[in-house]
1. Nothing charged except the Cβ atoms of Lys and Arg (+1) and of Asp and Glu (-1): what's the magnitude of the dipole of the chain about its Cα centre? Round to the nearest 20 debye.
2. For the stretch 105-231, I need the span (max minus min coordinate) of the C-alpha atoms along each principal axis, in Å, sorted largest to smallest.
3. Within the stretch 1-83, report the GluC sites (Glu not before Pro) that DSSP leaves as loop and that have at most 13 other Cβ atoms within 10 Å.
4. What is the gain in length, in nm to one decimal, between Leu280 and Arg83 on full extension, counting 0.36 nm per residue of separation less the C-alpha to C-alpha distance?
5. For the chain, with a Gaussian network of springs between Cα atoms less than 10 Å apart, report the residue from Val166, Val31, Val282 with the top mean-square fluctuation.
6. Provide, in order from the shortest bin, the percent of all Cα-Cα pairs of the stretch 2-102 in each 10 Å bin, continuing until the bin that contains the maximum pair distance.
7. Gap in Å between the Cα centre of the stretch 50-71 and the Cα centre of the stretch 178-229?
8. Rg/Rh for the stretch 197-317: what does it come to with C-alpha atoms and Rh from Kirkwood?
Amino acid sequence: MEITIRIRRQAESGSPDYKSYGLDVDPGTTVLDALMRIKGEIDGTLAFRKNCRNAICGSCAMRINGRSALACANRIRDVADARGEILIQPMGNMPVIKDLVVDMTSFWKHLDQVDPYVSTAARRPPEKEFLQTPEQRAAVEQAGNCILCGACYSECNSREVNPNFVGPHALAKAQRVMADNRDDRTAQRHALYNQPEFAWGCTRCFYCNEVCPMGVQPLDQIQKIRHELLTDKAAQPNTAMRHRRVMVRQIKESGWLDEASFALQVVGRDFKGLWNLVPLGVRMAAKGKMPLRHRPIENCAQVRDLIEEIQKEDAQS
Ligand code: SF4
Ligand code: SF4
Ligand code: FES
């Protein structure tokens, strides 16, 4: 099969440029093997990371046709378009060192910020070693499958707009240690993760779930952390928590949001926050989006029943 691989080439201080390489490959060849052939047979200056070639080490993440993925886990026949073309670019949200090699310093720093280890005190062995039941092990299985490839971090919209947001990989790890029955730092973790740069910084764009090659479903892990925080009576309420609570309460009460009181209830007694809302309130009033009287929708009771049913299921899971 004749293919053309278009690769974004860039040195640390230079501006990017695209180069195309033609190859004759077996359709079952992986993208990584094709890149290795380019490097070995056509252009030895091409830089990319790789190691295991088997979707284990997480080294070879890059953008394939615009989405971050493992080069060693994608076959040419699945990613080449009808003309046999494939676009390869470095991961996003991290500066390029050379070609497809990015500087992952912020990725590791953010991982470190969630304290990603089962706490030392809890790891002191009782007699011989800590035993876990199959159920206890299953609780950490999914998040524990992360190979720290960076694909989710590369596509994260929240990380793009807020460089302080720790990112989906870090929060998946946070959930992994929180769910571990050997960890005894739950209270400290709740206080740490209950911040805008941690559990509440995600805008739920779903990209991390979409690109994760290991089925970690980082967004699902973030939702689990949020759920724990919302049910922790000792957790300090913040704007994000109030937003969630007020929304659920209003929908249960009337079936839809009361725009006039929603923002006020969410912002609470934060007078600076209230003052900042004034221009928005004026614009909404001018467009008739703040009716003076908020009426419940028809069949509001059905909406309430639905929410309560979901809340019951959540509480049991
Ligand atoms: S769902 Fe949240 S954490 Fe995942 S990529 Fe989107 S903003 Fe980032
Ligand atoms: S959560 Fe998935 S995409 Fe993100 S670093 Fe881990 S393995 Fe990679
Ligand atoms: S080379 Fe190890 S995951 Fe691709």
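1. I would put it at about 820 debye.
2. 48, 31, 29
3. Answer by residue number: Glu12.
4. Here the answer is 66.0 nm.
5. For the chain, modelled as a Gaussian network with Cα springs under 10 Å, the answer is Val282.
6. 17, 54, 28, 2
7. 23
8. With Rh from the inverse mean 1/r over Cα pairs, Rg/Rh is 1.02.
The values are calculated or read from the model by the stated rules, or taken from the named source; none is laboratory data. Computed from a prediction, not measured in an experiment: that's the story for all the values here. With ideal geometry, Cβ positions are generated from the backbone for all residues, glycine too; neighbour counts draw on all protein chains shown. Side chains are part of the model used for accessible areas, which takes the heavy atoms of the whole protein and leaves out ligands, DNA and RNA. Shrake-Rupley method; radii C 1.70, N 1.55, O 1.52, S 1.80 Å.
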